[in-house]
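The values are calculated or read from the model by the stated rules, or taken from the named source; none is laboratory data. Keep in mind the model is a prediction, meaning the values are calculated, not measured. Note: ideal-geometry Cβ built from the backbone for every residue, glycine included; neighbour counts use all protein chains shown. What goes into the accessible areas is simple: the full protein's heavy atoms, side chains included, and nothing from ligands, DNA or RNA. Shrake-Rupley method; radii C 1.70, N 1.55, O 1.52, S 1.80 Å.
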Amino acid sequence: MLTKKQIRYCLDVMEEMFPNAEGELIHSNPFELVIAVLLSAQCTDKLVNKVTADLFKKYKKPEDYVNVTLEELEQDIKSIGLYRTKAKNIKKLCQVLIEEYNGEVPRTKDELVKLAGVGRKTANVVASIAFNEPAIAVDTHVERVSKRLGICRWKDSVIQVEETLMRKVPRDEWSVTHHRMIFFGRYHCKARNPNCPECPLLELCREGQKRMKKTMI
């Protein structure tokens with residue numbers, strides 16, 4: 001496991017590598033962000049943005065999703081994985097927003113996770129990006145990077161990873177660290193082909209050192 005000083009070094013290096021890291025889902029308000037993040041589960045942001053370019057022109061508010069048939073909404077998002085489940089969740093989510101929140105997206109993570117299709121990760125993303133609330137959303141990239149580097153343990157659950165990062169990263173850096181770790185995992189420390197040979201964190205990364213030894217055998 002990395003020391004506090006080593007973790008600080010990792011955070012600083014990620015800042016140097018990706019100083020402008022931010023959420024890549026295109027949206028213009030909290031409601032669009034909720035829909036986009038819900039659609040992004042097990043799907044790339046690039047594909048979601050392609051679909052929402054037309055979707056957000058057609059559907060402006062919760063009532064628009066509620067008033068359309070499930071079949072039509074499914075067709076509108078058909079190119080996205082798990083589209084049937086996601087379409088059902090979008091309609092349920094919008095119904096709740098209308099009935100309980102006057103059509104507005106709730107601001108707290110506790111309220112957000114009660115919405116259909118909104119898990120802990122989605123709630124953290126929305127709270128962080130839409131409402132500037134410090135949060136670390138643990139997606140596949142954040143989990144992989146934090147475990148490979150030894151900030152967290154391999155056996156840690158997603159919630160344990162989140163709790164560990166919240167404990168080891170300064171609160172005022174939670175949100176930006178989340179984005180930088182995603183960029184680091186998406187563009188550098190990839191799942192199948194991490195760029196270990198050119199990684200500035202290789203000397204701290206046991207996983208990377210193991211991979212390098214294997215390539216030398």
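Some notes on this structure:
- Scanning the stretch 88-108 for residues being closer than 19 Å to SER128 by Cα and basic (Lys, Arg) gives a total of 1.
- Residue within the stretch 57-76 that is within 22 Å of the chain's Cα centre (by Cα), crowded, with 16+ Cβ neighbours inside 10 Å and over 16 Å from VAL118 (Cα atoms) present: no
- Cβ-Cβ distances below 7 Å connect the following pairs, each with a first residue in the stretch 9-26 that is open to solvent by 20 Å² or more (accessible area, probe 1.4 Å), a second residue that is polar (S, T, N, Q) and assigned to a helix (DSSP H, G or I), and a separation of six or more residues or different chains: LEU25/ASN49; ILE26/ASN49; ILE26/THR52.
Okay, residues lined up against (1) assigned to a loop (DSSP other than H, G, I, E, B); (2) farther than 17 Å from HIS27 by Cα:
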position	(1), (2)
GLY81	yes, yes
ALA87	no, yes
LYS91	no, yes
ARG107	yes, no
ASP110	no, yes
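- Condition met for VAL51 (hydrophobic (A, V, I, L, M, F, W, C), farther than 30 Å from GLU163 by Cα, modelled with pLDDT of 95 or more and under 19 Å from the mean Cα position of the chain (by Cα)): yes
- Any hit, the stretch 205-215, residues being part of a helix (DSSP H, G or I), polar (S, T, N, Q), more than 23 Å from THR3 (Cα to Cα) and open to solvent by 40 Å² or more (accessible area, probe 1.4 Å): yes
- Extreme residue, surrounded by the fewest Cβ atoms within 10 Å (Cβ to Cβ), among residues of the stretch 162-177 that are free of Cβ contacts under 8 Å to residues at least 24 places away in the same chain and either closer than 13 Å to ILE151 by Cβ or under 17 Å from the mean Cα position of the chain (by Cα) (or both): ARG167
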